[in-house]
Amino acid sequence: MDITAGEILQFAMRMEENGERFYREAATNSSDSRAKELFNRLAAEETVHNRSFEDLFSKADVFEPPESYPGEYLAYFYNYIDNKVFFTQDNKASLPESFDVIKALDFAIQRELDSVLFYQELKAFVPVTDNHTIDAIIEEERRHFAQLCEEKKKLS
């Protein structure tokens, strides 16, 4: 079964929402003003990424598979994304008990890498005509990874 670019964009939007929540939580837990500013900026960037993915989604084909109940298909993928790619607000494991900016950045850097791998793997299931959309998502995640690494260097 092929997965459409529209489906992957739905996953991407969910991951951006979860990333924004993570960064907002990190900003709230940070006592360092530079780190607080950094995490708030990263949260805002996740919102911008989400909007760009929403724009791409509005132009994409969406696959609607048969389901046992309404929303079953996306619920499965959202649960995967929420629990494996980026933790949700409900999952308190997203930030350590004793907050540390570098640990939060390490966590975010790993999630960006996980996102790149996730999209690269899904690309094999997308029709070749949709590869440009998936490539755009991957490039966005790579840019965010590089930015996080630079910010970590500055704070280390």
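Quick note: the coordinates plus some simple rules give every number you see, no bench work behind them. Bear in mind that the values here come from a model prediction, so they are computed numbers and not experimental data. When we count neighbours, we look across all protein chains shown, and the Cβ atoms used for this are built from the backbone with ideal geometry, even at glycine.
If we count other beta carbons within 10 Å of each Cβ, what is the order of Y23, Y76, fewest first?
Details: Y23 22, Y76 11.
Least to most surrounded, the residues fall as Y76, Y23.
Sort K152, K103 so that the residue with the fewest other Cβ atoms within 10 Å of its own Cβ comes first and the one with the most comes last.
Ascending Cβ contact count within 10 Å gives the list K103, K152.
By count of other Cβ within 10 Å, fewest leading, how are S68, S30, S52, S115 ordered? Provide the component values of the computation, followed by the final result.
Values: S68 6, S30 20, S52 16, S115 25.
Starting with the residue having the fewest Cβ neighbours, the order is S68, S52, S30, S115.
By how many nm would the segment from S156 to H132 lengthen if fully extended, with 0.36 nm per residue of separation less the alpha-carbon distance?
Values: separation 24, 0.36 × 24 = 8.64 nm, distance 3.61 nm.
Here the segment from S156 to H132 would lengthen by 5.0 nm.
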